[in-house]
Amino acid sequence: MLKFTAEHEWLKLEGDIATVGITAHAAEQLGDLVFVELPEVGSQLAREAGAATVESVKAASDVYCPLDGEITEINQAIVDDPSLVNSDPQGAGWFFKLKLKNPSDADTLLDEAAYKELIA
């Protein structure tokens, strides 16, 4: 199941683990990424805390933690090749995996239809 934030992060939920990245819309707005900094595995992050940083030829931007949880895995591939985020933002360009403190909190996020309406 996919969920979205108003700050343009997506989450793919599998039990209490969420794979998190930025949406295709966000990747388009940023332009070609040249740098990605990810959080440390084991970091405890609160909802809306800065989790990662991306830099493009246009600007630098924060990626926010969509829900409370612990970072269990990061995608080293996007650190090594930030263009993966541009070419496949909701696939190979994922950022990190988050063990959710309260999986039911995902119900407060946007579904795909609501997100599409937000960016329309």
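Things worth noting here:
- Flag if Lys99 is at pLDDT 95 or above, under 22 Å from Ala113 (Cα atoms) and surrounded by fewer than 19 Cβ atoms within 10 Å (Cβ to Cβ): no
- Breaking point among (1) within 14 Å of Ala6 (Cβ to Cβ); (2) touching an Asp or Glu at 6+ places or on another chain (Cβ under 7 Å); (3) open to solvent by 10 Å² or more (accessible area, probe 1.4 Å), for Lys116: (2)
- Just one of the listed residues (Leu67, Leu30) is in contact with an Asp or Glu (Cβ under 6 Å, 6 or more places away or on another chain) and either among the hydroxyl-bearing types (Ser, Thr, Tyr) or open to solvent by less than 50 Å² (accessible area, probe 1.4 Å) (or both), namely Leu67.
- Per the listing Ser61, Ser83, the residue uniquely within 13 Å of the chain's Cα centre (by Cα) and open to solvent by 30 Å² or more (accessible area, probe 1.4 Å) is Ser61.
- Extreme residue, farthest from the chain's Cα centre (by Cα), among residues of segment 14-41 that are among the β-branched types (Val, Ile, Thr) and under 22 Å from Leu109 (Cα atoms): Ile17
- Among the residues making up segment 42-58, a single one is more than 13 Å from the chain's Cα centre (by Cα) and at positive phi: Gly42.
The values are calculated or read from the model by the stated rules, or taken from the named source; none is laboratory data. Here the structure is a predicted model, which is why all the values come from computation and not from measurement. FYI the Cβ positions are ideal-geometry reconstructions off the backbone, even for glycines, and counts take in every protein chain you see. Areas reflect the complete protein model, heavy atoms only, side chains present, ligands, DNA and RNA absent. Shrake-Rupley method; radii C 1.70, N 1.55, O 1.52, S 1.80 Å.
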